[in-house]
Amino acid sequence: MDRIDRKILALLQDDSDIGLAELSDRVGLSQTPCWKRIQKLQQAGVIVKRVALVDPGAVGLGLTVFVSVETADHSAAWIDGFAAGVSAMPEVMELYRMAGDVDYMLRVVVADMAAYDAFYKRLIGRFPLKNVTSRFAMERIKSTTALPIPSDAEER
């Protein structure tokens, strides 16, 4: 990836609806080479997909919960089943397998405490877990999906 690819990525992360003419102008290319670069970035799996970001509160999902999970079972079958089962739960926005004192970390978004309680009961009813700890976000201070794309100089 060169400087132009990085600039394309930064601009698309800021606004994926940017028109090709404006994007091309801002990165200093004509439209056809710019479009070809975007296609190559998609084919290489660098650009995974383009989405609309929705304000959770505006659609009635006002509670964000960070859930730490510890398990006693670390077999491949259990790990695969847990990952597939939790990934299928629509309230789970992010799921990470962790190193350290916690095995998994989930970011869960729900309407309210009653909705979280229903989610929690489904989670613990479906999987044998050693410990589940819930931390409730009081305020979202920063939330971004834009990755800090390093410049050529930062990579060296």
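Which residue out of Pro150, Pro128 is in the same structural domain as Val86 (by TED's automatic domain parsing), at pLDDT below 95 and over 15 Å from Pro56 (Cβ atoms)?
Pro128
Going through the stretch 111-120 one residue at a time, which ones are more than 23 Å from Gly81 (Cα to Cα) and either in contact with an Asp or Glu (Cβ under 8 Å, 6 or more places away or on another chain) or free of Cβ contacts under 8 Å to residues at least 12 places away in the same chain (or both)?
Result: Ala114, Ala115.
Every residue in the stretch 144-153 that is surrounded by 10 or more Cβ atoms within 10 Å (Cβ to Cβ) and in a loop (DSSP other than H, G, I, E, B), please.
Listed by number, the residues that qualify are Ala146, Ile149, Pro150, Ser151.
For the stretch 1-54, give me the residue count where each residue is among the polar types (S, T, N, Q) and touching a Leu at 6+ places or on another chain (Cβ under 8 Å).
Going through the stretch 1-54 one residue at a time, the tally reaches 2.
For Val46, which of the numbered conditions (1) more than 19 Å from the chain's Cα centre (by Cα); (2) surrounded by 13 or more Cβ atoms within 10 Å (Cβ to Cβ); (3) assigned to a loop (DSSP other than H, G, I, E, B) fails to hold?
Unmet condition: (1).
Please work out if Ser68 is modelled with pLDDT of 95 or more, under 30 Å from Met1 (Cβ atoms) and not basic (Lys, Arg).
No; evaluated as a whole, the condition is false for this residue.
Considering only the stretch 8-32, state which residues are more than 29 Å from the chain's Cα centre (by Cα), closer than 22 Å to Asp152 by Cα and surrounded by 13 or more Cβ atoms within 10 Å (Cβ to Cβ).
Residues satisfying the conditions are Asp25, Leu29.
The values are calculated or read from the model by the stated rules, or taken from the named source; none is laboratory data. Note that this is a predicted model, so its numbers are computed, not measured. Note that each Cβ is placed from the backbone with ideal geometry, even for glycine, and that neighbours are counted across all protein chains shown.
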